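First up is the structure itself, then whatever we jot down about it.
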Amino acid sequence: MDEIQKYFPYLTDIQKEQFAKLDFLYHDWNAKINVISRKDIDELYTKHILHSLGIAKVIKFEPGTFVLDVGTGGGFPGIPLAILFPETRFYLIDVIAKKIKVVQAVAEALELKNVKAEQLRAELVKGDFDFIVSRAVTNMPDFVSWIKDKIKKKNKHELKNGILYLKGGDLTEELKDFPKATEYNLSDFFEDEFFETKKVVHLPLKFTN
């Protein structure tokens, strides 16, 4: 929890309380439904929460922004971002029902009114979004094919509407067909060695409907 406050020092008391509760909630649920690997659960704040918040080092979501989290798993990056941006609406989806059950329970326990979670494939999502976030659920070409028709037309941020993707390693090959993609190294923002190869990829996508 200390590292969250180290990198995000302006949290409200409610946000501090919500971030602090994540430790108990995820340990409790993980004992019943394995949504986080056993070796990672004890590094929850670094490998899951702070990693998710890497997106917040690249963009500050304006009030009223609508964000889709595809393949959210246990709620990452959506839940930490929803705590940080209470006036942004988050729609978290995953194809695995037990993971969505955990997400719904965590959101309810934290009283997050800005989170909706459903078991659903990305291709079947109705509506459009300012940004679509994810933590490396697949390669970028496939991901783009799933969500390319779900981007809002009107931009309200300096970063153009599109994808914000958390991924690691050398992405040269994967992004070769996306010249407009920008990579942000999380090691520029966070000191832990876990972030040395981790990135946020921003890929602007044009409205296609």
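The values are calculated or read from the model by the stated rules, or taken from the named source; none is laboratory data. Everything numeric in this text was worked out from a predicted model, so none of it was measured. Neighbour counts are summed over all protein chains in view; Cβ atoms, including those assigned to glycine, are modelled from backbone coordinates with ideal geometry. All accessible areas refer to the heavy atoms of the entire protein, side chains included, with ligands and DNA or RNA removed. Shrake-Rupley method; radii C 1.70, N 1.55, O 1.52, S 1.80 Å.
Name the residues in the range 139-153 that are open to solvent by 30 Å² or more (accessible area, probe 1.4 Å) and farther than 12 Å from Lys206 by Cβ, would you?
Asn139, Pro141, Asp142, Ser145, Trp146
Among the residues in the range 184-200, are any within 22 Å of Pro141 (Cα to Cα), surrounded by 15 or more Cβ atoms within 10 Å (Cβ to Cβ), modelled with pLDDT of 95 or more and hydroxyl-bearing (Ser, Thr, Tyr)?
Looking through the range 184-200, at least one residue is within 22 Å of Pro141 (Cα to Cα), surrounded by 15 or more Cβ atoms within 10 Å (Cβ to Cβ), modelled with pLDDT of 95 or more and hydroxyl-bearing (Ser, Thr, Tyr).
Being over 10 Å from the mean Cα position of the chain (by Cα) and either at positive phi or of a type in the set (Val, Ile, Thr) (or both) is the filter here, so list the residues in the range 74-88 that pass it.
Residues satisfying the conditions are Ile83, Thr88.
Among what's in the range 16-74 and is part of a helix (DSSP H, G or I), over 19 Å from Glu191 (Cβ atoms) and of a type in the set (A, V, I, L, M, F, W, C), pick the residue that is most open to solvent (accessible area, probe 1.4 Å).
Phe24
Exactly one of (1) under 19 Å from the mean Cα position of the chain (by Cα); (2) part of a loop (DSSP other than H, G, I, E, B) is unmet by His202. Its number?
Every condition holds for His202 apart from (2).
With respect to Leu171, is the statement that it is open to solvent by less than 30 Å² (accessible area, probe 1.4 Å) and part of a loop (DSSP other than H, G, I, E, B) true?
Against the criterion (open to solvent by less than 30 Å² (accessible area, probe 1.4 Å) and part of a loop (DSSP other than H, G, I, E, B)), Leu171 qualifies.
Would you mention how many residues in the range 139-157 are without any contact (Cβ under 8 Å) to a residue 24 or more places away in the chain and under 21 Å from Glu173 (Cα atoms)?
Residues that pass the stated criteria total 2.
Given (1) at pLDDT 95 or above; (2) touching a Phe, Trp or Tyr at 6+ places or on another chain (Cβ under 8 Å), identify the lone condition not met by Gln18.
(2)
Check Ser134 against each of (1) at pLDDT below 95; (2) small (Gly, Ala, Ser); (3) closer than 24 Å to Glu196 by Cα and name the one condition it does not meet.
Every listed condition holds for Ser134 apart from (1).
Kindly provide the set of residues from the range 163-209 that are touching a residue at least 60 places away in the same chain (Cβ under 8 Å) and touching a His at 6+ places or on another chain (Cβ under 9 Å), ordered by number.
Result: Leu164, Leu166, Tyr184, Leu186, Phe190, Phe194, Phe195, Lys198.
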